[in-house]
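Have a look at the structure below, then the notes.
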Amino acid sequence: MELLGICSSCGAAGKLFTCQLCGGLVCARCLDPGSGVCRQCAGGRRAGDLLGGQD
């Protein structure tokens with residue numbers, strides 16, 4: 001099944017993937033295929049939020 005919609009990171013329309021860390025729906029451009037996480041989580045911007053605000 002293919003999920004189509006608007007990327008929660010960049011706003012582009014197209015096929016979406018689920019970030020393995022935050023659960024956000026992101027496009028292929030905003031997903032790191034090696035880790036399965038979005039650009040924001042890969043950059044540490046959301047990972048700290050999920051760990052209680054620690055950066």
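How do C22, C38 line up, fewest other C-beta atoms within 10 Å first?
On the way: C22 17, C38 28.
Ascending number of Cβ neighbours within 10 Å: C22, C38.
Would you calculate the separation in nanometres between label points at A12 and R29, each defined as 7 Å from the Cα along the Cα-to-beta-carbon direction?
Calculated label separation equals 0.3 nm.
Largest first and to the nearest Å, give the Cα extent of segment 4-50 along each principal axis.
Extents along the principal axes: 28, 19, 14 Å.
No lab work stands behind these numbers, since they all come straight from the coordinates. In this text the structure is predicted, and so the values were computed from the model without any measurement. Cβ atoms come from the backbone with ideal geometry, glycine included; neighbour counts cover every protein chain shown.
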